[in-house]
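*Asks:* Encoded as structure tokens, here's the structure I'll be asking about.
Please treat every number below as a calculation from the coordinates, not as lab data. Note that this is a predicted model, so its numbers are computed, not measured. Glycine gets a Cβ as well: all are built from the backbone with ideal geometry, and neighbour counts include every protein chain shown.
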Amino acid sequence: MATTPEGTNGSMTKRDLIDEVVKLYPRFSGRDAEVMVNAVFDSMTEALARGERIEIRGFGSFVVKHRQAREGRNPKTGALVPVAAKRVPFFKVGKELKLRVDGKQPTEQAPSSSTEAPGAGG
């Protein structure tokens with residue numbers, strides 16, 4: 001499990017991710033790790049730009065959601081302003097990641113039918 005890099009105030013940057021790849025796989029140079037990390041992010045960006053869904057098992061999925069045009073308000077003046085329709089990326093966390101972030105092991109699973117008494121079945 002990775003620890004929080006010093007000096008990042010609890011956040012991980014792309015540079016920190018590249019350094020982590022180099023630390024875990026010392027056979028790759030820093031430049032190689034940078035190329036790999038950039039290739040992954042570029043591929044994901046291009047897929048989302050095409051409207052494709054990205055699913056990474058155990059991590060989560062990325063989809064593009066369509067937002068309708070609407071009228072918003074300028075928070076400073078309160079004036080109505082038109083907001084154009086747009087497409088925005090959306091991330092839905094996977095079950096395994098959700099459990100890990102909560103400090104639980106991914107192998108811990110709740111019973112699929114908790115309302116049924118033990119031994120009862122049909």
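*Asks:* How high is the FRET efficiency between T45 and L80 when r is their beta carbon distance and R₀ equals 30 Å, given to the nearest 0.05?
*Replies:* Computed FRET efficiency for T45 and L80 comes out at 0.35.
*Asks:* Here is a follow-up. Using the beta-carbon distance between L97 and R70 and R0 = 30 Å, what value does 1/(1 + (r/R0)^6) give for FRET efficiency, to the nearest 0.05?
*Replies:* Plugging the Cβ-Cβ distance into 1/(1 + (r/R0)^6) gives 0.40.
*Asks:* Right, something else. Quick one: net charge of Q68's neighbours, Cβ under 14 Å, K/R +1, D/E -1?
*Replies:* +4
*Asks:* Using every Cα-Cα pair within the range 7-51, state what percent have a distance larger than 17 Å. Kindly include the intermediate steps, with their values, before the conclusion.
*Replies:* Numbers: 415 of 990 pairs.
Tail fraction, whole percent: 42.
*Asks:* If you keep only loop residues by DSSP, which GluC sites (Glu not before Pro) in the range 1-101 have at most 15 other Cβ atoms within 10 Å of their Cβ? Show your work: numbers first, answer last.
*Replies:* Details: sites: E6, E20, E34, E46, E52, E55, E71, E96; in loops: E6, E52.
In loop regions of the range 1-101 (DSSP not H, G, I, E or B), the sparsely surrounded GluC sites (Glu not before Pro) are E6, E52.
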